[in-house]
Amino acid sequence: MEVLAQLLLVVANTLQIYSLILLVRVLLSWFPNLDWSNPVLSTVSSITDPYLGIFRGLIPPIGGLDLSALLAFLALSFGQQILGSLSMSVLAGGF
């Protein structure tokens with residue numbers, strides 16, 4: 001059971017790291033003159049754009065603002081909370 005709880009925590013922590021990378025991507029999108037062919041920026045973009053693309057199809061831009069990132073962050077946060085709760089439940093023996 002402890003192995004499952006640890007695995008769930010690792011996945012939750014991975015989602016936390018991904019959230020930070022996503023935040024960097026969103027903040028960098030505010031600077032239109034960035035060179036996205038830069039290896040670091042290109043990597044950030046290639047990691048986050050497929051995930052953001054899911055939500056861009058659900059929420060169209062409103063007044064030039066792309067609000068899909070907000071929904072993407074909410075989904076990640078929800079996933080982290082679920083995984084954290086599951087890991088605590090497993091450790092408590094309730095799973």
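The values are calculated or read from the model by the stated rules, or taken from the named source; none is laboratory data. This structure is a prediction, so every number in the text was calculated from the model and none was measured. Methodologically, a virtual Cβ is constructed for each residue, glycine included, from the backbone with ideal geometry; neighbour enumeration extends over all protein chains shown.
Would region 45-56 turn up any residue that is within 30 Å of L91 (Cα to Cα), polar (S, T, N, Q), under 14 Å from the mean Cα position of the chain (by Cα) and surrounded by fewer than 14 Cβ atoms within 10 Å (Cβ to Cβ)?
Let us first name the residues in region 45-56 that are within 30 Å of L91 (Cα to Cα), namely none.
Checking region 45-56: not a single residue is within 30 Å of L91 (Cα to Cα), polar (S, T, N, Q), under 14 Å from the mean Cα position of the chain (by Cα) and surrounded by fewer than 14 Cβ atoms within 10 Å (Cβ to Cβ).
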Among residues belonging to region 1-15 that are farther than 10 Å from V90 by Cα and surrounded by 13 or more Cβ atoms within 10 Å (Cβ to Cβ), point out the one that is farthest from the chain's Cα centre (by Cα).
L7
Which pairs do you get when a residue that is under 22 Å from Q80 (Cα atoms), found in region 19-45, comes within reach of a residue that is hydroxyl-bearing (S, T, Y), reach meaning Cβ atoms under 7 angstrom, with the pair 6+ apart or on two chains?
I21/T48; L22/T48; R25/S45; R25/T48
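Out of region 1-56, which residues are in a loop (DSSP other than H, G, I, E, B) and farther than 18 Å from A69 by Cα? Break it down into steps so the answer makes sense when it comes.
Start the filter on region 1-56 by keeping residues that are in a loop (DSSP other than H, G, I, E, B), which leaves 1, 29-38.
Once the filter is applied, which keeps residues that are in a loop (DSSP other than H, G, I, E, B) and farther than 18 Å from A69 by Cα, region 1-56 yields M1, N33, L34, D35, W36, S37, N38.
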Could you say whether any residue in region 77-89 is surrounded by 15 or more Cβ atoms within 10 Å (Cβ to Cβ), without any contact (Cβ under 8 Å) to a residue 24 or more places away in the chain and either under 17 Å from Y18 (Cβ atoms) or not polar (S, T, N, Q) (or both)?
no
Being of a type in the set (A, V, I, L, M, F, W, C) and in contact (Cβ under 8 Å) with a residue 12 or more places away in the chain: is that true of L8 here?
yes
Failed item, numbered, when T43 is tested on (1) under 19 Å from L74 (Cα atoms); (2) at pLDDT 90 or above
(1)
One residue is enough: does region 54-67 have a residue meeting the conditions at pLDDT 85 or above and acidic (D, E)?
no
